[in-house]
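What follows is a single structure, written as structure tokens, with notes after it.
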Amino acid sequence: MKHILFLLLAIIPVSLMAQNNFKVPKYEKFKLKNGLTVYLMEQHEVPLINVSAVFDAGSINDGERYGLASLTADALMFGTTKYSKSQIEEMTDFVGAKLSTYASKDNAGLSSSFAVKDQDKMFDVIQQVIMHPAFDAAEFKKHKDRTLLELDQQKESPRSVIGNYFNAMVFKSFPYANPGGGIKSTVEKISEEDTRTFYKNNYTSGRGAIAIVGDFQTADMKKRITTLFGGWKTAESRMVKRVAPNLEFEKSRVLLVNKDDARETTFLIGGKGVDYSAPDYVPILVVNTILGGRFTSWLNDALRVNSGLTYGANSRFARYKYAGTFAMSTFTKNSSTIPAVDMALNVLDSLHTTGIDETTLASAKAYVKGDFPPDYESAGALAHLLTDMFIFNFDESYINTFQAKVDGLTTTKVKEIVAKYFPKDKLQFVMVGKSSEIKEQIKKYGEVTEKQIKDDGF
């Protein structure tokens with residue numbers, strides 16, 4: 001046993017040293033003649049291949065038809081000119097592969113993972129899904145009906161929808177305000193033909209990228225991808241010029257979303273954050289880890305551990321391509337709404353007034369550095385990293401300098417970060433709860449606007 005312990009102690013520092021010097025592995029990047037960007041990264045540890053494909057087809061392009069990008073991404077899996085929906089599912093399941101599509105605010109895409117021995121079959125399916133979706137009307141109707149039911153069910157869970165209310169309040173007329181999953185009145189009007197048109201307009205090779213990471217030879221994979229996608233003809237990519245939204249607020253405001261049967265109040269408090277490429281994101285991450293980014297954070301200690309007002313409290317920075325938000329969030333029983341909100345505000349205030357000492361900062365830096373490499377330890381995560389670099393226009397220096405930026409953070413710099421990025425006044429509040437029990441009390445936080453959770457939209 002002593003020998004085993006000695007070996008473990010000898011190995012651990014080497015492992016941590018490797019993690020603390022984590023760099024993006026070597027990869028090749030090139031463009032096909034049709035404009036599609038390709039990333040290839042060899043990873044030979046396990047006989048798997050991971051694929052991530054992305055397009056400028058996120059919900060930011062929905063316009064007034066909220067949910068269109070999401071339904072379009074889902075519809076890619078409803079069958080192709082070669083395979084039916086059930087055939088795609090059977091082929092994928094039979095070989096134990098994973099294949100899915102998605103849409104977020106800034107982009108839409110496809111993710112897949114499969115064994116090297118099944119690559120001929122799976123690349124065929126992936127090509128079909130990306131290039132030849134059939135938008136089957138019957139499958140689309142079934143899916144839309146399920147989506148409408150889910151939209152009803154979501155309103156029964158405040159924690160599922162409070163983010164949509166917060167985004168609508170903070171982003172105002174900018175497209176990030178729109179709910180990516182849609183609302184009933186807009187989803188009801190979307191047809192399979194609408195998704196077909198959205199696909200043609202937004203899934204374009206000139207604004208798309210595909211990353212392949214795994215057990216292959218780069219030269220061979222380059223030939224395969226060129227053969228599969230090189231002849232793909234799409235519409236010309238549209239360069240939509242967007243101006244970052246102004247998220248500065250003149251005063252504190254409160255949006256009260258009434259849920260008559262609520263026994264708890266769920267709330268978000270926050271405001272302006274940072275966009276995806278913000279140069280100070282690493283120090284922001286370290287500071288937020290202390291405030292509300294881990295279980296031993298100040299918010300969780302105050303609201304859960306020390307007072308028992310909730311089962312958990314956190315803070316986070318949600319980053320998008322053009323802007324982002326900061327928010328503290330938790331939930332509590334109706335009778336303790338004011339004490340919980342006041343306590344969260346006091347914790348945020350202490351970040352500004354008391355600050356962060358050397359011991360607390362050192363603990364957060366160690367936590368962030370230890371948590372960072374696992375985010376990119378799998379081939380699948382690396383594939384998504386490469387396509388994120390394409391969508392959000394950053395390069396590997398963000399990853400390669402991460403540890404150094406954490407190590408270089410001082411208490412003096414922390415004060416600057418807190419003052420610049422963590423709002424202390426003109427905060428925006430969203431509370432989902434029973435209006436009759438909390439409305440009068442919450443007026444002290446700002447001008448109150450009330451909505452009904454049962455109403456359509458946000």
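Here are some notes:
- Set against the 2.2 N^0.38 Å expectation for a compact globular protein, segment 270-349 has a Cα radius of gyration ratio of 1.14.
- For segment 64-128, the Kirkwood estimate of hydrodynamic radius, built from reciprocal distances between every pair of different alpha carbons, is 12.6 Å.
- Sorted peptide list for 145-154, 255-264, criterion being average Cβ within 10 angstrom, highest first: 255-264, 145-154
- The chain, relative contact order in percent, only Cα pairs under 8 angstrom and at least six apart counted: 23
- Solvent-accessible area, 1.4 Å probe, carbon plus sulfur percent, for the chain: 52
- Over segment 95-158, the pair-distance histogram of Cα-Cα distances with 5 Å bins from zero comes to 4, 13, 16, 18, 20, 15, 9, 5, 2, 0 percent, rounded to whole numbers.
- Surface/4 of the Cα convex hull for segment 108-214, nm²: 9.4
- Compactness relative to 2.2 N^0.38 Å, alpha carbon Rg of the chain: 1.06
- Listed pairs Lys172/Lys439; Lys144/Lys259; Lys144/Lys189; Lys29/Lys200; Lys121/Lys222; Lys85/Lys189 exceeding 20 Å between Cα atoms: Lys172/Lys439; Lys144/Lys259; Lys29/Lys200; Lys85/Lys189
- Each of Phe78, Ser104, Ser277 was placed along the dipole of the chain (beta-carbon charges, centred on the mean Cα), and the one lying farthest toward the positive end is Ser277.
- Segment 297-421 shape via C-alpha gyration tensor axes, a/c threshold 1.5: prolate
- Within segment 16-128, the proportion of Cα pairs with more than 24 Å between them is 40 percent.
- Peptides 69-75, 301-307, 167-173 ordered by packing proxy, namely the average of other Cβ atoms within 10 Å per residue, highest first: 69-75, 167-173, 301-307.
- Cβ charges +1 (Lys, Arg) and -1 (Asp, Glu), total dipole of the chain, debye: 640
- Isotropic mean projected area of the C-alpha convex hull, segment 192-294 (nm²): 14.4
- Summed over the residues of the chain and divided among them, the accessible surface reaches 47 Å² per residue at a probe radius of 1.4 Å.
- Only one residue of Ala138, Phe249, Ser113 has its Cα farthest out toward the positive end of the dipole of the chain, where Lys and Arg carry +1 and Asp and Glu -1 on Cβ, and that residue is Phe249.
The values are calculated or read from the model by the stated rules, or taken from the named source; none is laboratory data. None of these values were measured; they are calculated from a predicted model. All Cβ positions, glycine included, derive from the backbone under ideal geometry; neighbour counts span all protein chains shown. In case anyone asks, the SASA skips ligands and DNA or RNA and just uses the protein heavy atoms, side chains included. Shrake-Rupley method; radii C 1.70, N 1.55, O 1.52, S 1.80 Å.
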